[in-house]
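A.B. asks: This structure is in structure tokens; I'll ask about it shortly.
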Amino acid sequence: WVAVLMTWAFHLVRLPFPADAPALLRPPVSSEAAGGEGEGPGQDRGWPLVLFSHGLGGCTTTYSSVCAELASQGYVVVAVEHRDGSAVVTCSLESGNSLPFQTRTAALLGDDEGLAWRRRQLQQRVEELFSVITTYRGLQAEQEKGARGGGAQEADSPGKQTLRDLRLDLSRVLLVGHSFGAATVTLAAHSWGNHHPEIGIRAVVSLDPWMFPVPDEAYRDLGVPSLVVMSQTMMWPSNHSLLDKFFDAQSHCLFTEVRDTRHQDQSDVVSIAPFLCRMLCMGGMRPPHEALDLNLDVILRFLRSTDPSHRSMLPQAAQQHPPVKEPPSSGKGLLIHGASGAFDQLAPIQTSAGSS
């Protein structure tokens, strides 16, 4: 009956964006970069890339609020729809076959069989994220080969042509994920740091990470700044213990919690059907827009602290009117459970010690 209710609530939902809209293929060159010395932040470096991994039962469009905000900040966002059986449903464009959401009771109970299954899914998800990098590199190689040979390329769909012409800076990659997706980007950062150092991971953002399937070897210092943003739903003892284990291993990590929120407040789901989600204990007591604002606020402050040069790549209007909001002065919004490394731009955020 829950599936029937959710289907009824969501079947008319549409995202307001034009199909095949023209893209700004290269970042604008800032005045400092144009007249400065060396490689400035806007000198043909390309856009930084965000790889977004959805959680269990999610899909490409489930986190449009977070992805659109990151895109408005000058990131190219690729929201991957995983084909490991964790998406609500996914379809193959080549074959037309669909793969519905798969569940196993053992996996939810956490026994050895369930853990092995979830880790196989996790590994596939990491490989699917990496396929975005390899696909882009392949398209770039085709373009360079065509430019050298002077021959005409085959006609492509608008989306593929845009991806081929898009200028990305693979030395500035941001990994973002929610729930099972947060576990995915954690393992990806660990794996790529060891086996693909040519990929420049700048930061990892974990929204309500579900740490159960993360293998033991990933509980090490990722070597890059990481942000953990929790809701109260995911702070149960066993998950909290694994989060503490992860945090203790990091040299540059911010561990935060947004008060009075639940797991789906970090997605679009609660904004679409707030009353139904509260009835099903999927949404917290905060209004959906306020919960999203608080989550996005700490994410953007974190990103600006880890890559301050990125701001000079944005159009001047965006720099003058940043969407980042001041954190609530009452101390009833954000808690900081721990911080390691330097986070100067996050200083205004209320700490758990100061707000208790």
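The values are calculated or read from the model by the stated rules, or taken from the named source; none is laboratory data. All of these numbers come straight from a predicted model, not from anything done at the bench. When we count neighbours, we look across all protein chains shown, and the Cβ atoms used for this are built from the backbone with ideal geometry, even at glycine. Keep in mind that these areas ignore ligands, DNA and RNA; they rest on the heavy atoms of the full protein, side chains included. Shrake-Rupley method; radii C 1.70, N 1.55, O 1.52, S 1.80 Å.
A.B. asks: To the nearest 10 square angstrom, how much accessible area does Glu128 have with a 1.4 angstrom probe?
C.D. replies: Surface open to solvent at Glu128 totals about 30 Å².
A.B. asks: Now, a different point. Can you list residues from other chains, or at least 5 along the same chain, whose modelled amide H is less than 5 Å from the amide H of Ile201?
C.D. replies: Val173
A.B. asks: I've got another one for you. Find how much the distance from Phe275 to Leu170 grows on full extension, using 0.36 nm per residue of separation minus their present alpha carbon separation; answer in nm with one decimal. Please report the intermediate quantities before stating the final value.
C.D. replies: Details: separation 105, 0.36 × 105 = 37.80 nm, distance 4.16 nm.
Extending this stretch completely gives an extra 33.6 nm.
A.B. asks: With each label point set 7 Å from Cα along the Cα-Cβ vector, what nm distance links Ala141 and Asn194?
C.D. replies: Those two pseudo-labels are separated by 2.5 nm.
A.B. asks: Ignoring everything but the protein chains, give the 1.4 Å probe accessible area of Asp169 in square angstrom, nearest 10.
C.D. replies: Accessible area of Asp169: about 20 Å².
A.B. asks: Another question about this same structure. What's the extension gain from Val88 to Ser131 if we count 0.36 nm per residue and subtract their Cα-Cα distance? Each step should come with its number before you reach the end.
C.D. replies: Numbers: separation 43, 0.36 × 43 = 15.48 nm, distance 2.08 nm.
That works out to 13.4 nm of additional length.
A.B. asks: How do Val269, Val89 stack up against each other in accessible area, from largest to smallest, with a 1.4 angstrom probe? All intermediate terms of the calculation are to be shown ahead of the outcome.
C.D. replies: Numbers: Val269 20, Val89 65 Å².
The ordering from most to least exposed comes out as Val89, Val269.
A.B. asks: Taking amide H positions as placed 1.01 Å from N in the peptide plane, with prolines and chain starts having none, which residues 5 or more places from Ala79, or on another chain, fall under 5 Å of its amide H?
C.D. replies: Those lying under 5 Å, H to H, from Ala79 are Phe52.
A.B. asks: Here's something else I'd like to know. Counting only Cα atoms, I'd like the Rg/Rh figure for the range 46-111, Kirkwood definition for Rh.
C.D. replies: On the way: Rg = 14.5 Å, Rh = 13.4 Å.
Dividing the radius of gyration by the Kirkwood radius yields 1.08.
A.B. asks: Rolling a 1.4 angstrom probe over the protein heavy atoms, how many square angstrom per residue are accessible across the range 53-96?
C.D. replies: Numbers: 1690 Å² over 44 residues.
Computed with neighbouring chains in place, this is 38 Å² per residue.
A.B. asks: Calculated FRET efficiency, Asp111 and Asp221, Cβ-Cβ r, R0 30 Å, to nearest 0.05? Let's see the in-between values first.
C.D. replies: On the way: r = 30 Å, r/R0 = 1.00.
Working from the Cβ atoms, E equals 0.50.
A.B. asks: Could you order Asp208, Asp112 so the one with the most accessible surface comes first? Probe is 1.4 Å. Intermediate values should be presented prior to the final figure.
C.D. replies: Details: Asp208 0, Asp112 130 Å².
From most accessible down to least: Asp112, Asp208.
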